[in-house]
Every structure is written in structure tokens, then in C-alpha cells.
Amino acid sequence: MRILHWNDGYYPHIGGTELLVRSLCHVQQAAGHHVTVVGRSLPDCPAEEEIDNIPVWRRPVPEERLIQQPGLLSQQVKACAAFKRRFQPDVIHIHGSHMAGWLHLLTREAVSCPTILSLHAPIRLPAPVQRRLLMGVEAVAAVSASMKQQFAPLLEGRTGLVQVVHNGLSFPAISPAPLQQPFTALCLGRIVREKGFDIALQALAKLPQLRLIVAGDGAALPTLQQLALELNIANRVEFRGWVHPHAVPGLLNEVSAVVMPSRWEEPFGLVALQAAQMGRPIVASRIGGLPEIVHHGETGLLVPPEDPSALADALQSLFAAPSTAAAMGAAARLHAAARFSIERCACQYHELYTLAAKTTPIDETPILD
């Protein structure tokens, strides 16, 4: 099967969706499929290259110029259509954020093959365009039941395939170390308000015996560092900076638990999966897709969002019962292996590709007019 993955970004640009797409490509290629990736142009990256034997084509116009100079749109559309015709995919798999979905709509007459749209996050397109995209593909795959529910109003009236396909990741090569003592928690990810790392700092202020590592970078970093000073906990908080995904398993071996105090509805929560793979219990907000990964009282603990006291109580309970924390981490690792392997994810997508080939999309209205 010839599979074209279309995402707004790809390695060396690194984010949750990029990690998923890269892992998925490797598994599909190992299974004998011909896989290639379309992503946006990146500085210092050639237009075409192979990364780990995966062909990558980067769209010729940088996204910023495309937005600022609409006259370049026709150039982009022609190039994308030409690439589709050259590759002749058996299936197009869009990882649905804004530019990838939009350009697919504008070039969908270039080749005739089923299209899968994975919903990794809210789509940054006007509602009518979102609906046309959702109606104009043969299959929609939400990365969590929560994500599917968020899109329910736009999916209303669709009779085609709409399924939940949870993300998966390859298991790290290194083995989990015992949970670290003294008790150290970890916040990992983009440092933005939505992630709620400030809530973790407020919880830490109530727990003088605990340490916290904050790994990541983002616009809210200066505010977070100032808050640590104001709470008089700066000596117990280590701001580690951005960590390459390859180094994440080693970082997880340095800590006792992972904290995800998100205040927004996480579509899935790959950090929770990374933590589980390394046998770390997770304390997370009961919001979005996180409860689909974290089973309360079994693989971690769920707390209400925006509640530093509840978060502090949960962390204290793990600190006070190291054997319980270790048992939760071991259960999380088993759960990740059983439910969230990249092989399981790839198998579910392959089944969806096969079903999509037998399905007719609802919206056949031409968009190139």
C-alpha cells in the first residue's frame, strides 16, 4: 500500500503529532508499505530528503509567506497537486491541523483515493471549511473519545466512518529505573498557560518535602520562574529547559511521578503515555483525553483541574506510600503496552484504510471553482 501522511510539520520539527506520525511511518514501512510524508517548509531543510529511510517532501512556500501573501496560494496548490500525482497514493492520511487539511481540500481532485483525517487537536480553520473537510473524507479518526465528542457538532449528519484510534508510541530502548527518592515530580511539555504548570508550583508550595523538575520551553517560562520565587520554592524547582524526545526516557528515570495539571482539554496526552511506558505513576487533571490513559487509583491519580490543593493531596499520597506509587507505575507500563503500542495503533489505522476504500464521502462538492 502507498500511504501519504500529510501533516503541518515533520522532523526535525518536534511535537506530539510529529512524534506519532514518525513512529507510525516506521511501523508501516517495516510492514512493507511504501510511506512518504508531506510537511511544511523549514529553514535549512531541503525540499526533498529521506529521514530514517522515510521520504519527506516539504511544501515549497513557507507557511508564514503563504498567509501573508495570498497570491502565493496558487503556487502552493499546484505544487501539492503535482506531488500527489507523482506519488499516486493508495490512501492519504491527513493529520488534521489547519494548513494540511486546507491544502488537501484545494487539491483533492488531483488523485482518486480514500482519505483519512486524524483529529489530534481542534482544527484552526473557519467552521464551514472544517465541516467541508470533515464531510469530504472517507474516514475520520479521533485520537480520543474526548476529541470525538468535541467535534460532535461539526460531525452531525455525517454517515461515514468516525472512529476513535488512540495514539501509540514505540517503547523506549532503556528499562525503567526504580522510582527516585527523595520524591521528585516532573512537569514535561510546552510551557504555556494551558498546561497548568503554575498549578503544580502552587501544589509544591504545600509540600515542603518534594522537589519538581520542569522540562520544556515556552512563552510562560518567565512567569513560571517568577512564581517559583514568589512562592519561595525556587530552591526546590529545577527548570531543565527543552529536552529532546530521545532524552525523555532517561529524564523519566530521574523522577518519582509525572504531573499533568492541564487546564485545557488535552486531546490525548502523549506525555502521560511516555510516563506510563517508563513505569511512572501519573497525577493528571480529570479533563480531555487524560482519563482514557490514566486509570484513577490503578495507573495514577486524577484530580479536578485548577485545584492546587487536590493536586497536593494526590502527590502527598504517593510520597507517603512509595510501594503504592511503584505499583501504579508498574500497572501504567502494562496498560501502555496492552492498549497504546504503536503496533496496535498502526493495525487500527490499516483496518480503517481498508474500510475507507469501500466508503463514499458525503460532500462531493468541488472546491476548486
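The values are calculated or read from the model by the stated rules, or taken from the named source; none is laboratory data. Since the model is a prediction, treat every value here as computed from it, not as a measurement. Don't worry about glycine lacking a Cβ; one is built from the backbone with ideal geometry, like all the others, and counts go over all protein chains shown. Heads up: the accessible areas ignore ligands, DNA and RNA and are worked out on the full protein's heavy atoms, side chains in. Shrake-Rupley method; radii C 1.70, N 1.55, O 1.52, S 1.80 Å.
The figures follow:
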| item | result |
| --- | --- |
| Residue ranges of helices (runs of 4 or more DSSP H) in region 263-369 with at least 1 members open to solvent by less than 10 Å² (accessible area, probe 1.4 Å) and farther than 22 Å from residue 195 by Cβ | 322-339, 342-356 |
| Matching residues in region 2-23 - criterion: being at pLDDT below 95 and touching a Phe, Trp or Tyr at 6+ places or on another chain (Cβ under 7 Å) | 18, 21, 22 |
| Set 168, 189: member being on the phi > 0 side of the Ramachandran plot, surrounded by 16 or more Cβ atoms within 10 Å (Cβ to Cβ) and in contact with a helix residue (DSSP H, G or I) (Cβ under 8 Å, 6 or more places away or on another chain) | 189 |
| Selection within region 170-196 - under 29 Å from residue 21 (Cβ atoms) and touching a Leu at 6+ places or on another chain (Cβ under 6 Å) | 191 |
| Test: residue in region 154-161 that is under 20 Å from residue 333 (Cβ atoms), part of a loop (DSSP other than H, G, I, E, B), among the β-branched types (Val, Ile, Thr) and open to solvent by 30 Å² or more (accessible area, probe 1.4 Å) | no |
| Residue in region 193-248 that is nearest to residue 260 (Cα to Cα), counting only those that are assigned to a loop (DSSP other than H, G, I, E, B) and polar (S, T, N, Q) | 209 |
| Unique match (being touching an Asp or Glu at 6+ places or on another chain (Cβ under 7 Å) and open to solvent by less than 20 Å² (accessible area, probe 1.4 Å)) among 56, 21 | 56 |
| Complete set of residues in region 82-113 that are open to solvent by less than 10 Å² (accessible area, probe 1.4 Å), modelled with pLDDT of 95 or more and in a helix (DSSP H, G or I) | 84 |
| Checking residue 253 against (1) of a type in the set (S, T, N, Q); (2) more than 19 Å from residue 195 (Cα to Cα); (3) open to solvent by 10 Å² or more (accessible area, probe 1.4 Å); (4) out of contact with any Pro (no Cβ under 7 Å at 6 or more places or on another chain), the condition it does not meet | (4) |
| Odd one out for residue 38 among (1) open to solvent by 30 Å² or more (accessible area, probe 1.4 Å); (2) in contact with a Cys (Cβ under 8 Å, 6 or more places away or on another chain) | (1) |
| Condition met for residue 24 (in a helix (DSSP H, G or I) and within 17 Å of residue 116 (Cβ to Cβ)) | yes |
| Verdict on residue 72 being more than 17 Å from residue 108 (Cα to Cα), of a type outside the set (Ser, Thr, Tyr), part of a loop (DSSP other than H, G, I, E, B) and in contact with a Lys or Arg (Cβ under 9 Å, 6 or more places away or on another chain) | no |
| Condition broken by residue 129, with the remaining ones in (1) surrounded by 17 or more Cβ atoms within 10 Å (Cβ to Cβ); (2) over 22 Å from the mean Cα position of the chain (by Cα); (3) under 28 Å from residue 269 (Cα atoms) satisfied | (1) |
| Residue that is most open to solvent (accessible area, probe 1.4 Å) [pool: residues in region 200-244 that are charged (D, E, K, R) and more than 16 Å from residue 271 (Cβ to Cβ)] | 230 |
| Of all residues making up region 114-148, the number that are in a strand (DSSP E or B) and among the small types (Gly, Ala, Ser) | 4 |
| Odd one out for residue 42 among (1) at pLDDT 90 or above; (2) part of a loop (DSSP other than H, G, I, E, B) | (1) |
| Test result for residue 286, farther than 21 Å from residue 95 by Cα, basic (Lys, Arg) and within 18 Å of the chain's Cα centre (by Cα) | yes |
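Residues checked against (1) of a type in the set (A, V, I, L, M); (2) more than 25 Å from the chain's Cα centre (by Cα):
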residue	(1), (2)
190	no, no
197	no, no
211	no, yes
215	yes, no
220	yes, no
230	no, yes
236	no, yes
241	no, no
